[in-house]
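Colleague: Handing you a structure now.
The values are calculated or read from the model by the stated rules, or taken from the named source; none is laboratory data. Predicted model, so just to flag it, every value in this text is computed and none were measured. Positions of Cβ are backbone-derived with ideal geometry, glycine not excepted, and every protein chain shown enters the neighbour counts.
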Amino acid sequence: MNWEAITAVSEFIGVVAVVISLVYLAQEVRANTGALKASAGFDSTQGMATLNEGLVQSILGDAEYQRGGESRFVHVIAKVYDPEGSIEEMTLSDQAVVGLVNRAVFQRIEGEFYLYEHGFLDPLQWEARSAWARGFLAFPIPKAWWDGESKQGVYRPSFVAALNAGEQMPLKVPGWLDAESGASRPSA
């Protein structure tokens, strides 16, 4: 066998090895991308669950609730979901609570939007979350809050535009506040 044949066979083996390596690398990148997307979806959902757990702790820690009465925080939430609600009718303390809780929720949603924008969040998860947000913002008190909040420079303009440009969602009162569901709404 001459050196030219050996060189040709070596080059061929090298090319085959490079192709196999590239195929393997492509499969690993695809698997890693899937893992990143799954992790992003889990983390964003976990973040919202943690926020909700904190809100539950606020209710459980309320002195009135511990005496067997209704938590003041539940009354605030009921006002927020009132289709006839007015932010002007809320105390300044209640307005502050609503504003800060809403900001915490919407900053988490903005984080999900960022992941969605960059291809790391399942589009169905973003569609569900943004539909909820637009439905929530259809209530008078959240709408009044968002009208001011969205102009504060707290959120990226693309996030504000995405929420403002989306389809208007129907008002949906949570089942535990909806009289039609059989649940009782706290009395004021």
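Colleague: Looking only at the range 106-122, which residues are in contact (Cβ under 8 Å) with a residue 24 or more places away in the chain, crowded, with 18+ Cβ neighbours inside 10 Å and in a helix (DSSP H, G or I)?
Modeller: Answer for the range 106-122, where residues must be in contact (Cβ under 8 Å) with a residue 24 or more places away in the chain, crowded, with 18+ Cβ neighbours inside 10 Å and in a helix (DSSP H, G or I): 106, 109, 110, 112, 113, 115.
Colleague: Select, from 85, 54, 69, the only residue that is part of a helix (DSSP H, G or I) and free of Cβ contacts under 8 Å to residues at least 60 places away in the same chain. If you could, list the steps in order and put the result at the bottom.
Modeller: Values: 85 fails: part of a helix (DSSP H, G or I); 69 fails: part of a helix (DSSP H, G or I).
Exactly one of 85, 54, 69 is part of a helix (DSSP H, G or I) and free of Cβ contacts under 8 Å to residues at least 60 places away in the same chain, namely 54.
Colleague: From the set of residues in the range 123-143 that are aromatic (Phe, Trp, Tyr) and either in contact with an Asp or Glu (Cβ under 8 Å, 6 or more places away or on another chain) or surrounded by fewer than 16 Cβ atoms within 10 Å (Cβ to Cβ) (or both), which is nearest to residue 34 (Cα to Cα)?
Modeller: 126
Colleague: Here's a follow-up. What do you reckon, is residue 122 modelled with pLDDT under 90, of a type in the set (Asp, Glu) and farther than 27 Å from residue 73 by Cβ? Let's see the steps before the verdict.
Modeller: Details: modelled with pLDDT under 90: yes; of a type in the set (Asp, Glu): yes; farther than 27 Å from residue 73 by Cβ: yes.
For residue 122, the condition - modelled with pLDDT under 90, of a type in the set (Asp, Glu) and farther than 27 Å from residue 73 by Cβ - is met.
Colleague: Does any residue of the range 25-32 turn out to be under 28 Å from residue 124 (Cα atoms), surrounded by 10 or more Cβ atoms within 10 Å (Cβ to Cβ), at pLDDT below 80 and in contact with a helix residue (DSSP H, G or I) (Cβ under 7 Å, 6 or more places away or on another chain)?
Modeller: Among the residues of the range 25-32, not one is under 28 Å from residue 124 (Cα atoms), surrounded by 10 or more Cβ atoms within 10 Å (Cβ to Cβ), at pLDDT below 80 and in contact with a helix residue (DSSP H, G or I) (Cβ under 7 Å, 6 or more places away or on another chain), which makes the answer no.
Colleague: Another one. Counting just the residues of the range 76-104 that are under 20 Å from the mean Cα position of the chain (by Cα) and under 19 Å from residue 153 (Cα atoms), which one comes out surrounded by the fewest Cβ atoms within 10 Å (Cβ to Cβ)? Reasoning before the result, please.
Modeller: The first filter runs over the range 76-104 and keeps only residues under 20 Å from the mean Cα position of the chain (by Cα), leaving 77, 80-81, 97-104.
Checking the rest, the ones that are also under 19 Å from residue 153 (Cα atoms) come to 98-104.
Values: 98: 20, 99: 14, 100: 10, 101: 19, 102: 18, 103: 15, 104: 14.
My answer is 100.
Colleague: I've got another one for you. So which pairs qualify, if the first residue must be in the range 141-160 and assigned to a helix (DSSP H, G or I), the second must be modelled with pLDDT under 95 and of a type in the set (A, V, I, L, M, F, W, C), the Cβ gap must be under 6 Å, and the two must be at least 6 apart or on different chains?
Modeller: 141/80; 141/87; 142/136; 143/137; 144/87; 146/137; 159/113
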